[in-house]
Amino acid sequence: MKHKLKKTGFTIVEVALFLALSGFLMIGIIVGANTSISRQRYNDAVNGFAEYVRGVYTDVLNVSNDKSLDEEAGRTKTAVYGKLISIGECADASCSTTTDTIYTYDIVGLAVSSSAVKGTRAIDMLYNTVNNGGVNANIFDREGCNGTTCQAKPYRMTTYQIPWEGSIGQSNTTGQRFHGAILVVRSPSTGSIRTYTYVYPSNKLSSYSFHLKTQIENTNDPSNTKSFAYFMKTVGHQSNNYGENELTICVDSEDNNYPNRRGIMIAARANNSASIMVTEMDAEDSLCKGRNYNY
């Protein structure tokens, strides 16, 4: 008796179903991988910014005055007293837009003995002239003043860009960039570190240094131009208790596919790099809820 061989194989429908399921599975894997990469990039952006700010505190703590800004009889007449981190500076002369680049300036004042400095707040000691118990510090060199015109130039300026095209957003808001300044200084009398912050109104694009530079260059009396410390002292208190309260700065990025954001928190009266902490986006008290959907 002859046995008929049974033919085996897949029908067209079965093959099509297999290919469709395989395609969906592959899409899921690719989407999951892209999501994981985006989240890693976003976390790198947040942690990178936090490390940058911590590095500023380290630099201020270990500041060296061997830059020879100016010397007389072998002695330096000036000293570096800290750094100013400026966020949200103007991208053009009209200040119609701002840049995501973060600018950091050296704060330079006259080198005087600690016993000659008077006052209780570091910001006052920095702003006041030597005759009034201060060091007359600034971020711009005013030596170029000639008559009624000054060509103000920073003593030293460095820039930082948050990784993966990140930007700084305001806390408790979405779609608004952060504009403000973080001032990290050593007290001229005790050497202890103090932090002062200022947050610009959300509807104000112009930056701190832009205003200050314009003021110095256009003043009719260069000898009496105000310093950065005067600005922080007189207007910083409007939002942050004389600039010494806790401050949270959120990080925005197109790579952020979380429902909320992360950021860094600068503790009140921060005095070292340990005062800078990265916030968790799912915390109930997080100030970085929501995302910036304007990318």
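Remarks
- Charge context of residue 251, other residues only, Cβ under 9 angstrom, K/R +1, D/E -1: +1
- Estimated distance in nm for a label pair at residue 157 and residue 96, the labels positioned 7 Å out from Cα along Cα-to-Cβ: 2.2 nm
Coordinate-derived values only; no laboratory data. Every value quoted in this text rests on a predicted model; they were computed, and no experiment measured them. Glycine also receives a Cβ, built like all others from the backbone with ideal geometry; neighbour counts cover every protein chain displayed.
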